[in-house]
Each structure stands twice: as C-alpha cells, then as structure tokens.
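The values are calculated or read from the model by the stated rules, or taken from the named source; none is laboratory data. Keep in mind that what you see is a predicted model, and the values were worked out from it rather than measured. Here the Cβ is made from the backbone with ideal geometry for all residues, glycine too, and neighbour counts use every protein chain on show. Ligands, DNA and RNA are excluded from the accessible area calculation, which covers all protein heavy atoms including side chains. Shrake-Rupley method; radii C 1.70, N 1.55, O 1.52, S 1.80 Å.
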Amino acid sequence: MDSFKYTVISHEGMRYCNPLSSEKIETVLDLLDFVNTARVLDLASGKGELLLRLVERYGAEALGVDLASPFIAEAQAQASTRIPHKKVTFLEQDVTTLQVEPESLDLVSCLGGCHILGGFQPTLQQVKSWVKPGGYILLGDGYWKQEPQPEYLAAFGGSRDECMTHAQNVTIGPAEGLVPLYACVCNDDEWDRYEWLHLRNIELYARKHSEDPDVPGLLKRIRAWRDTYVRWGRDTLGFGLYLFQK
C-alpha cells in the first residue's frame with residue numbers, strides 16, 4: 001500500500017489534518033501582527049489551509065512543505081483559485097532535509113507533524129533559529145490528558161515519551177528561550193468529529209472500492225484504531241495549539 005494512501009483517504013473532506021476547529025485556529029491567527037512583507041513556513045503543511053488563510057489575511061510570502069503528493073496537489077489547486085496573484089509555494093519534500101537561512105522567517109508553523117522532527121521540544125529547538133527576533137512559532141501537537149495505560153500504548157505501538165502534558169508543552173517554551181503567547185486544546189466534540197470522520201471516510205471508501213486489494217488492510221487498521229480510541233484514546237490523548245514568540 002502507498003504510504004500516504006490511508007492518510008489521504010481518511011482526511012477526505014477535511015481542510016485541516018488535525019482535530020482543532022477552524023474557529024480555534026482563526027483565534028490564533030487573529031493574534032499575529034504581520035505586515036505584507038512577512039515570510040512564513042509551514043512544515044508538514046498538508047492541504048495548505050493554514051498558509052492559504054495567512055496569505056489571504058496578511059499577503060504573506062508563504063512556503064508549505066509536505067511529502068504527500070495528493071495533499072500538495074490539493075493545496076496548489078486551492079491556491080490557484082483563492083490567491084492566484086499571491087506568492088505561495090508548496091514543495092513535495094521531506095522537512096528534515098529542508099535548509100533554511102537563520103532568522104529569515106516571521107513565522108514557522110507545524111500542526112500535527114512535530115514527530116517528523118523528533119517531537120515537540122526537538123521541533124522548537126530546530127525551528128527557533130529560523131525565526132527572526134520577535135517572530136513566531138506555532139505548533140500543534142498531542143499531549144497526555146492522563147497517564148497512558150500500557151495496554152493503550154501497546155495497541156498502537158506507541159511510547160510514553162512521544163508526548164508530554166499540556167503544561168509541559170507550554171513551559172518548554174521558556175526553557176528554550178521563547179515566550180508563550182497563547183495556548184488552547186481541542187475538546188471532546190472536536191476529537192470525536194475528527195476520529196469518526198476518519199472512520200467514516202475509510203468505511204465509505206471500502207464500500208465504494210471493494211475491488212481495491214488494499215481495502216482489507218485499510219479496514220483492519222481503521223477498525224483497530226476505532227476500538228483503541230473509544231476504549232482509551234479519547235480520555236488519554238489530547239491535542240493542543242501553542243503560539244510562542246522569539
């Protein structure tokens with residue numbers, strides 16, 4: 001199976017590839033004081049919605065980087081209709097290979113992709129040198145609502161060290177020389193919508209494409225995740241949005 005097939009199918013119809021509502025993301029964007037010369041970078045940019053909204057609001061020069069070619073194609077199609085005369089670029093590239101000039105950006109964001117750079121704190125450590133003094137870092141990442149049970153971690157092959165608590169996600173900012181400006185978390189309704197839309201998308205795909213040889217694997221994966229979510233995950237794993245200033 002193509003490595004991105006499950007992710008692309010399960011996120012069908014979603015503008016953001018994370019559980020936060022658009023309203024909560026808009027609240028954070030309201031706090032930015034950009035001018036139209038701002039330069040922004042979004043790592044693991046998915047369908048590009050965050051960058052598109054930043055460009056629409058502020059006229060920023062924007063770059064999005066992601067490895068999933070279907071997401072890149074969708075982001076480019078959206079850009080061509082929504083901001084055809086604005087400067088926004090989407091690259092199909094591994095973010096770990098990206099070379100960025102120090103202190104050249106007004107914002108670096110990464111919503112749901114911190115694991116690619118080794119986790120929340122390693123991502124902060126990596127990108128803070130790319131941001132100008134006074135610039136921003138916006139991260140969306142998981143956190144433990146409660147101590148994860150061993151059975152939960154075993155069910156998806158996870159590790160306790162993959163996440164910190166919400167408080168730790170906030171306070172790691174000052175430890176890295178950054179000022180926390182805002183933080184919020186998704187609520188249970190947002191989590192439920194996100195997880196069950198994943199399930200529905202895979203189930204609908206399987207019904208419509210029964211001839212696809214990948215269908216049994218897709219169904220096995222999503223149904224196991226469903227059972228893990230309702231038994232442990234909903235009460236254990238959260239997702240937060242964190243805005244820091246350099």
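Go through Arg53, Arg15, Arg39 for me and flag whichever is open to solvent by 10 Å² or more (accessible area, probe 1.4 Å) and within 22 Å of Gln126 (Cα to Cα). Talk me through it step by step, then tell me what you get.
On the way: Arg53 fails: within 22 Å of Gln126 (Cα to Cα); Arg15 fails: within 22 Å of Gln126 (Cα to Cα).
Within the list Arg53, Arg15, Arg39, the selection yields Arg39.
Taking interchain pairs and intrachain pairs at least six residues apart, which have beta carbon atoms under 7 angstrom, with the first residue in segment 83-94 and over 19 Å from Ala38 (Cβ atoms) and the second open to solvent by 100 Å² or more (accessible area, probe 1.4 Å) and charged (D, E, K, R)?
Note: no pairs meet the criteria.
Please verify whether Glu61 is of a type outside the set (A, V, I, L, M, F, W, C), farther than 22 Å from Gly119 by Cα, crowded, with 16+ Cβ neighbours inside 10 Å and at pLDDT 95 or above, treating the condition exactly as stated.
Details: of a type outside the set (A, V, I, L, M, F, W, C): yes; farther than 22 Å from Gly119 by Cα: yes; crowded, with 16+ Cβ neighbours inside 10 Å: yes; at pLDDT 95 or above: no.
No; evaluated as a whole, the condition is false for this residue.
I want to confirm something. Restricting to segment 18-36 and keeping residues that are under 16 Å from the mean Cα position of the chain (by Cα) and hydrophobic (A, V, I, L, M, F, W, C), which single residue is surrounded by the fewest Cβ atoms within 10 Å (Cβ to Cβ)? Even if it seems obvious, please write down each step before you answer.
Step one: list which residues in segment 18-36 are under 16 Å from the mean Cα position of the chain (by Cα), which gives 18-26, 28-29.
Pick out the ones that are also hydrophobic (A, V, I, L, M, F, W, C) and you get 20, 25, 28-29.
Details: Leu20: 23, Ile25: 21, Val28: 21, Leu29: 16.
The extreme case among them is Leu29.
Scan segment 85-96 and give yes if some residue there is open to solvent by less than 60 Å² (accessible area, probe 1.4 Å), within 27 Å of Arg193 (Cβ to Cβ) and not in a helix (DSSP H, G or I), otherwise no.
yes
Sort through Leu43, Leu52 and tell me the only one that's under 15 Å from the mean Cα position of the chain (by Cα) and farther than 18 Å from Leu98 by Cβ. Don't jump to the end; show me each part of the working.
Details: Leu43 fails: farther than 18 Å from Leu98 by Cβ.
Result of the check over Leu43, Leu52: Leu52.
With a cut-off of at least 3 residues that are touching a residue at least 24 places away in the same chain (Cβ under 8 Å) and either crowded, with 16+ Cβ neighbours inside 10 Å or hydroxyl-bearing (Ser, Thr, Tyr) (or both), name the helices (runs of 4 or more DSSP H) lying wholly within segment 134-246.
Working: elements: 150-156, 166-175, 188-208, 215-228.
Answer list for segment 134-246: 166-175, 188-208, 215-228.
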